[in-house]
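> Below you will find the structure I want to go over with you.
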Amino acid sequence: NILAKAPGTVTITATLEDQTATANLEIIEFQRSEQWKGVYRIDSALFEGYLIEPGADNVTVGSELYLWNTGLAKTRMWLFSDAEDGYVYWHPASKVELALAAEGDGETGENVQIQDFDETSDAQKWKIVKDSSSDHYRLQNKASGKYIGTENNENQKLIKMCEEDASSSLWIMNELKATISLD
């Protein structure tokens, strides 16, 4: 655990025998959700071995989300901050100044995009809803009431807004634990 008192950069150095590893961490002001405090990988419950990622691992404004293989990269890690109304903001872990938003009105078939974080936008607010018949979750958009799933409920497709009963709308919220390895 690293406790930071203020935003800035901290350097961590670990030494084992004659091997040394150094990592720089940027500390920013960010209020995580009380319920969803960790860093998460979001896997498909329908398609084992696939997770949500920004297209081509591109974490920039306007990037859309896809269902892709589970090769873990920082661009495929997510954080949640509290919207204080029962919803959360969904952020890429590599750029928490951005947030996920339903495009347009968030209606069925519309895409989910990475946008600049805007606390006034209901399109950027999400409710993580536990499925009553499994250990999985659904991610519901506040503006539209729709859920995320995949295009036509197919594998390796764009993440789209869909109805709650879509077979691709169930997700596994995998909390990631930090590790340090000297290779």
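> Compare Val96, Val59, Val129 in a GNM of the chain, Cα atoms joined below 10 Å, and give the one with the largest fluctuation.
Among Val96, Val59, Val129, the largest mean-square fluctuation in the Gaussian network model of the chain belongs to Val129.
> Same structure, new question: What figure, in Å² to the nearest 10, do you get for the accessible area of Lys127 with a 1.4 Å probe and non-protein molecules left out?
Rounded to the nearest 10, the figure is 70 Å².
> Divide the volume of the convex hull of the Cα atoms of region 20-112 by its number of residues and quote the answer in cubic angstrom per residue.
147 Å³
> Tell me, what is the per residue accessible area of the chain in Å², probe radius 1.4 Å?
Heavy-atom SASA per residue in the chain reads 55 Å².
> Let me spell out the model: positive unit charges on the Cβ of Lys and Arg, negative unit charges on the Cβ of Asp and Glu, origin at the Cα centre of the chain. What dipole size does that give, in debye rounded to 20?
360 debye
> If the elastic network links every pair of Cα atoms under 10 Å, which of Ala99, Ala166, Ala14 fluctuates the most in the Gaussian network model of the chain?
So, out of Ala99, Ala166, Ala14, the one fluctuating most is Ala14.
> Next up: Over the chain, calculate the relative contact order: mean separation of alpha carbon pairs under 8 Å at least 6 apart, over the residue count, as a percent.
Here the relative contact order equals 20 percent.
> Which of the listed residues, Tyr40, Thr60, Gly8, is farthest toward the dipole's positive end in the chain, when Lys, Arg count +1 and Asp, Glu count -1 at the beta-carbon?
Ranked along the dipole, the leading option is Gly8.
> Go through Arg32, Arg41, Arg76 and list them by solvent-accessible area, largest first, probe radius 1.4 Å.
Order by accessible area, largest first: Arg32, Arg41, Arg76.
> Put +1 on the Cβ of each Lys and Arg and -1 on the Cβ of each Asp and Glu in region 82-183; which of Asn152, Thr108, Asn174 then has its Cα farthest toward the positive end of the dipole?
After comparing all options, I get Asn174.
> While we're looking at this one, here's another question. Using a 1.4 Å probe on the protein heavy atoms, what percent of the accessible area of region 21-113 belongs to carbon and sulfur?
Reported share for carbon and sulfur atoms: 45 percent.
> Next question. Along its principal axes, what span do the Cα atoms of region 81-183 show, with the longest given first and each in whole Å?
46, 32, 26
> Right, something else. List the lysines whose alpha-carbon lies under 25 Å from that of Lys142, not counting same-chain residues fewer than 8 positions away?
Candidates past the 8-residue exclusion: Lys37, Lys95, Lys125, Lys127, Lys130, Lys157, Lys160.
> In addition: With the alpha-carbon atoms as the only input, what is the per residue convex hull volume for the chain in Å³?
131 Å³
> Mean-square fluctuation check for the chain, GNM, Cα pairs under 10 Å: which of Glu26, Glu97, Glu164 is largest?
Glu26
The values are calculated or read from the model by the stated rules, or taken from the named source; none is laboratory data. Not measured: the values here are computed from a predicted model. A quick note on method: Cβ atoms are made from the backbone with ideal geometry, for glycine too, and the neighbour counts reach across all protein chains shown. The protein model used for the area step is the full one, side chains on, heavy atoms only, and it has no ligands, DNA or RNA in it. Shrake-Rupley method; radii C 1.70, N 1.55, O 1.52, S 1.80 Å.
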